[in-house]
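Down below is the structure, laid out as structure tokens.
The values are calculated or read from the model by the stated rules, or taken from the named source; none is laboratory data. Note that the structure is a prediction, hence the values are computed from the model and not measured. Using ideal geometry, Cβ is built from the backbone for each residue, glycine included, and neighbour counts are taken over all protein chains shown.
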Amino acid sequence: MSGGIEIPVRVTQVTPVAHRIKRFRFERLDGGPMPYFSGGAHIIVSMNDNGHVRRNAYSLMSPPYDCSAYEISVLHVEDSRGGSSFMHEKVREGDEMRVSHPVNLFQPDWRGRKHLLIAGGIGITPFIAMMEQFSREGAHFELHYAVRTRDRGAYCEDLVARYGPHRVKIYCDAEDNRIPVARLLDSQPLGTHLYVCGPAGMIDGVLKAGLEAGWPEQNLHSERFLSSQPGKPFSIELTRSGKTIHVGHHESMLEAIEAAGIDVPFLCRGGACGQCETMVTVCDGKLLHNDVYLSDEEKASGRKVMLCVSRFEGNALHLDL
Amino acid sequence: MLVEGIKSRPVYKGLSIQPRSRRHIFALEGEGAHALLERKAELDDAALSRSEILYVARGSQAKGYDEALRELGAQMFFAGPTIATLLFRLKGTLATAHMGTRLYIAGTEGFIGQAMMVALDHGMDHASIVTEHRGSLARRVQCVHCKGITEDVTHSPFPCSHCGLPLLVRDHYSRRLGAFQGVNIDAEEPGSAPDPEELFL
């Protein structure tokens, strides 16, 4: 399989954490240790829903040096395409599943003198692992964590208790308490790196505020997992394998191609890593680029497409696969 | 004789002023003064009120660049007698600086490399530092054998100023040391080194 060798695991714990958020603990079926990872890494969880395989990326939140198990937290999203609903409604303790090896596309810059973490909602998860690592390495960090309401905020009290109120600040929308982004940006010592993870609007806002405050782009980091958006169904021709693939309303091109038995490279399945970049040979219509990987020029050229999140509208799309 | 096409060779893109910076620090050496003076038009009063200029004349002594720089009217101007004094001053400035501060370095490669080392030491990312190469092409070279550094190397091969070995100057650059790498050219047959060529005037 192209995402790397999968690890067969058992779900050994399912813990409700907050409103619509559950934590899942995975241990290897063979009892062996999980690979070590680094803070910010994610895994792809394969969900077999009666023969229909879904694969979603989730950030690892267990301590990176603890290889007895992996833990993830899953928010049951309102307009779930099926992945988070499956995790919440079908997965029980004792179930067997498969997870990928860890991949890190949100690595902290260890040359930084200080790490400023900004989280929104479920975007907290990569930071939980990162903070374990920062604290173990003696790195200087600060977390600013925004939640909508107290009952939706996962791990708020735990984190304040673990790292202290001087390093962990909670902001609650319902209490009209917002992260003072501009003030934070203006008061950081030279050599600070900023990391933001949360809803797309928050990420865009923080990155923009960072550039406006004169921060170099090299010090601004973000992770956004885009999920494939539903859209009009369409067909694609795969020129090398000679197959015609139908992509349904709720399906991504990557999922449809995999369902047809074709092995395609992938890593993040969220438009960020670049692994599933595919050459377009014929495009009679409009490519709907939803990824954050290709440059604007590449998107405009119409020669490349990311299979995991992008779509197509028009008469014919031929891919070099 | 020069080994070229090595990726670590730094690229200096020119002293473009970053308009959103909260503070501008200019570290200039010799002809590097021109890199800033030529951009006078881009520096309005607001930018100058947030600027600090550090200058060392070296080879451009008596050309009066220090006066021209002082007349720009930056919030702070410092002219140091040597690179070492300028770097000491730069360390002090960066130690208390905040994010939103941009560093601009212009001058010879040896100077850019040394100022860059100070910046990296204060956690700045090298790609965020704005640089422009002005003046002599002379290089700062580390002997890979004895680790001694020779400043202002204009010829290759040249005798290491520490151990005396004839060194070929490569484009291979170390950001950590702020120096190009010099490798003994006649190790197999001592005495067979080719004549030095003046490559970096």
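Within region A:210-234, residues that are more than 14 Å from chain B (Cβ to nearest Cβ) and over 21 Å from A:Gly120 (Cβ atoms) sit with their Cβ atoms under 8 Å from residues that are small (Gly, Ala, Ser) and surrounded by fewer than 21 Cβ atoms within 10 Å (Cβ to Cβ), at 6+ positions apart or across chains, in these pairs: A:Pro233/A:Gly248; A:Phe234/A:Gly314. Condition check for A:Trp110 on (1) away from every other protein chain (no Cβ under 14 Å); (2) under 26 Å from A:Ile44 (Cα atoms): one failure, at (1). The single condition among (1) touching a helix residue (DSSP H, G or I) at 6+ places or on another chain (Cβ under 8 Å); (2) closer than 30 Å to B:Ile185 by Cα; (3) among the hydroxyl-bearing types (Ser, Thr, Tyr) that B:Tyr65 does not meet is (2).
Restricted to strands (runs of 3 or more DSSP E) entirely inside region A:23-128, those with at least 2 residues that are in contact with a His (Cβ under 6 Å, 6 or more places away or on another chain) and farther than 22 Å from A:Leu254 by Cβ are A:114-120.
Of the strands (runs of 3 or more DSSP E) entirely within region A:233-312, those holding at least 2 residues that are under 22 Å from the mean Cα position of the chain (by Cα) and either surrounded by 14 or more Cβ atoms within 10 Å (Cβ to Cβ) or at pLDDT 95 or above (or both) occupy A:277-288, A:304-306.
Checked against the criteria, A:Gly153 counts as over 27 Å from A:Asn315 (Cβ atoms), crowded, with 19+ Cβ neighbours inside 10 Å and modelled with pLDDT under 95.
Within region B:21-52, the residues that satisfy the criterion of being more than 22 Å from B:Thr85 (Cβ to Cβ) and touching a residue at least 60 places away in the same chain (Cβ under 8 Å) are B:Ser21, B:Arg22.
Residue pairs whose Cβ atoms lie under 7 Å apart, sitting 6 or more positions apart in sequence or on different chains, and linking a residue in region B:76-89 that is of a type in the set (Ser, Thr, Tyr) to a partner that is in a strand (DSSP E or B), are B:Thr82/B:Val56. For region B:83-104, filtered to residues that are within 9 Å of chain A (Cβ to nearest Cβ) and of a type in the set (S, T, N, Q), the residue that is surrounded by the most Cβ atoms within 10 Å (Cβ to Cβ) is B:Thr101.
Looking across region A:132-155, the residues that are farther than 20 Å from A:Gln107 by Cβ and aliphatic (A, V, I, L, M) come down to A:Ala146, A:Val147, A:Ala154. Contact map, region B:144-171: first residue under 18 Å from B:Glu109 (Cα atoms), second residue at pLDDT 95 or above and among the hydroxyl-bearing types (Ser, Thr, Tyr), Cβ cut-off under 6 Å, separation 6 or more or different chains; pairs are B:Thr150/B:Ser161.
Restrict the check to region A:183-202 and report whether at least one residue is in contact (Cβ under 8 Å) with a residue 24 or more places away in the chain, closer than 30 Å to A:Arg81 by Cα, within 14 Å of chain B (Cβ to nearest Cβ) and surrounded by 14 or more Cβ atoms within 10 Å (Cβ to Cβ). Yes, region A:183-202 has at least one match.
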